[in-house]
Structures are given as structure tokens and as C-alpha cells.
1. What do you reckon, is B:E64 within 10 Å of the chain's Cα centre (by Cα), of a type in the set (D, E, K, R) and more than 28 Å from A:T48 (Cα to Cα)?
2. Grab the strands (runs of 3 or more DSSP E) fully contained in chain B, keeping just those with 3 or more residues being in contact with a strand residue (DSSP E or B) (Cβ under 9 Å, 6 or more places away or on another chain) and either within 13 Å of chain A (Cβ to nearest Cβ) or within 30 Å of A:R10 (Cβ to Cβ) (or both).
3. Kindly indicate which of B:K58, B:K100 is basic (K, R) and surrounded by 13 or more Cβ atoms within 10 Å (Cβ to Cβ).
4. Is at least one residue of region A:58-71 in contact with a Leu (Cβ under 9 Å, 6 or more places away or on another chain), within 28 Å of B:C91 (Cα to Cα) and modelled with pLDDT under 95?
5. Residue by residue through region A:43-79, note down the ones that are under 23 Å from A:V3 (Cα atoms), touching a strand residue (DSSP E or B) at 6+ places or on another chain (Cβ under 9 Å) and surrounded by fewer than 19 Cβ atoms within 10 Å (Cβ to Cβ).
6. I'd like the full set of residues that are within 13 Å of the chain's Cα centre (by Cα) and of a type in the set (A, V, I, L, M), limited to region B:78-100.
7. Among the strands (runs of 3 or more DSSP E) contained in chain A, which hold 2 or more residues that are within 11 Å of chain B (Cβ to nearest Cβ)?
8. crowded, with 20+ Cβ neighbours inside 10 Å and modelled with pLDDT of 95 or more: is that true of B:Y89 in this structure?
Amino acid sequence: SAVISQKPSRDICQRGTSLTIQCQVDSQVTMMFWYRQQPGQSLTLIATANQGSEATYESGFVIDKFPISRPNLTFSTLTVSNMSPEDSSIYLCSVWEDRGPGELFFGEGSRLTVL
Amino acid sequence: AQSVTQLGSHVSVSEGALVLLRCNYSSSVPPYLFWYVQYPNQGLQLLLKYTSAATLVKGINGFEAEFKKSETSFHLTKPSAHMSDAAEYFCAVSEWGAQKLVFGQGTRLTINP
């Protein structure tokens, strides 16, 4: 199974600043996903990141707010730009591992608090 | 569009009692269905998945779920609850061949001694 490491695991940020979250996978994967989990809520997909192409954003999420990089098959970053308290969430990196029908693996998440 | 509804945001059972967490889905095509568990301050871990094989799926930690197409349901059960089962449980759906999951709202399971 894929092992996913995210950094930072948690951070406290000031309003108006930006923070970049890193996601490292121990194997090469085609598709990486970024999810947001707001306090007490379920997971919402932010975007899909494929190596060598622009990320595909879900409705309600835009590149200017959540720029994503995917420089190779084992690494991705998500930046949360110009943060406000409403951005306080857990941000989760996940990868799809193609073994048989496939399975989605998750990192431990990055818990951001915006003051 | 696909969707998932988990009935009951909070379920409380006694240790040793039956655990039943309800999940209903909506999908215009045959779905893949998943149950994930999230322990406090951790990421999500896959409990089990349905991918068009056997309708009764067995997962880790003694959990199982049954796919019922006629009821569009995929309820999660465990015969005897253990204190370590206390966590948040998420049901999710995806289309065959699609790798994006749509998650339900989650059910927080509490185990009473």
C-alpha cells in the first residue's frame, strides 16, 4: 500500500498569508487528489493533480486560491493563498493505487488554523 | 451526479453490542462503494470496498457491509463493538473506472463501556 507523508502536520497561520502543503508518496502514482475537511464536516475534493498537466479543480475551487504543483510522480504541493478563518480545515492528500479495482490512500492530513 | 447519505451523524452503542452504520447512495451507473474510518487526528483508512464482486464484503477489524442494489444501500455492520471502534466513519461512492470519491457526511461512533 502507498505510504503518504504530508508536511506540515499542523500550523497556525495569520489572515492574509499563504501556506504550502507538501505531499510525498513512496511510490510512483498517476493521480493525486487534494481534499478539504472543514471542522466537523465530510471530505470535499478540491482538485485532481496529474503529473505534467494542469490540475483539474472541482466546482467552488479555483487555481488562484489553491494553486497546485505536480512536478513528478511522487510529489505534489497545495498552496492555500490569502487565507481567511474560513480556510481553517484539514487538508488531505490522497493517491489512487491501481491494484485490481483500485483503492484511495490518504495521508495523515495537514490541520490549518487561520487566526 | 453521485451522492451518499449517511443516516445518523452520531451513533452510540454499548461495548459488545451490534454496530450498524447506514449508508445510501445515488448513482446513475454501477458504483464502487467504500467505507473509511478516521481515528482522532489521523487520516482515513479503508475498512472495505465493494467493486461488483460479492455483495457481502468483509473488511478489517471485523466489519462487513452488504451491497443491496434494490435498496441502494451499503450499510456497515459489526457483530460486537469494541472500545477501539470509536471513530468517525465515512461512506463513499465512485463510478466504475473513476477515481474520484464522493463522501457522505460521516457518522461518529461512540462506544459505551
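The values are calculated or read from the model by the stated rules, or taken from the named source; none is laboratory data. As the structure is a computational prediction, the values presented were derived from the model and not from experiment. Heads up, the Cβs are rebuilt from the backbone with ideal geometry, glycines too, and the neighbour counts pull from every protein chain shown.
1. Numbers: within 10 Å of the chain's Cα centre (by Cα): yes; of a type in the set (D, E, K, R): yes; more than 28 Å from A:T48 (Cα to Cα): yes.
Spelling it out, B:E64 is indeed within 10 Å of the chain's Cα centre (by Cα), of a type in the set (D, E, K, R) and more than 28 Å from A:T48 (Cα to Cα).
2. Working: elements: B:3-7, B:10-14, B:19-26, B:31-38, B:44-50, B:56-58, B:64-68, B:73-78, B:87-95, B:107-112.
Qualifying strands (runs of 3 or more DSSP E): B:3-7, B:10-14, B:31-38, B:44-50, B:87-95, B:107-112.
3. Numbers: B:K58 fails: surrounded by 13 or more Cβ atoms within 10 Å (Cβ to Cβ).
The unique qualifying residue is B:K100.
4. Checked region A:58-71: at least one residue is in contact with a Leu (Cβ under 9 Å, 6 or more places away or on another chain), within 28 Å of B:C91 (Cα to Cα) and modelled with pLDDT under 95.
5. Of region A:43-79, the ones under 23 Å from A:V3 (Cα atoms) are A:43-52, A:55, A:68-79.
Now narrow it down to the ones that are touching a strand residue (DSSP E or B) at 6+ places or on another chain (Cβ under 9 Å): A:43-52, A:55, A:68-71, A:73-79.
Selection gives A:T44, A:N50, A:Q51, A:G52, A:S69, A:P71, A:L73, A:T74, A:F75, A:T77, A:T79.
6. B:A87, B:A92, B:V93
7. Values: elements: A:4-7, A:10-13, A:19-25, A:31-37, A:43-50, A:68-72, A:75-80, A:89-97, A:103-106, A:110-114.
Fully inside chain A and qualifying: A:4-7, A:31-37, A:43-50, A:89-97, A:103-106, A:110-114.
8. Details: crowded, with 20+ Cβ neighbours inside 10 Å: yes; modelled with pLDDT of 95 or more: yes.
For B:Y89, the condition - crowded, with 20+ Cβ neighbours inside 10 Å and modelled with pLDDT of 95 or more - is met.
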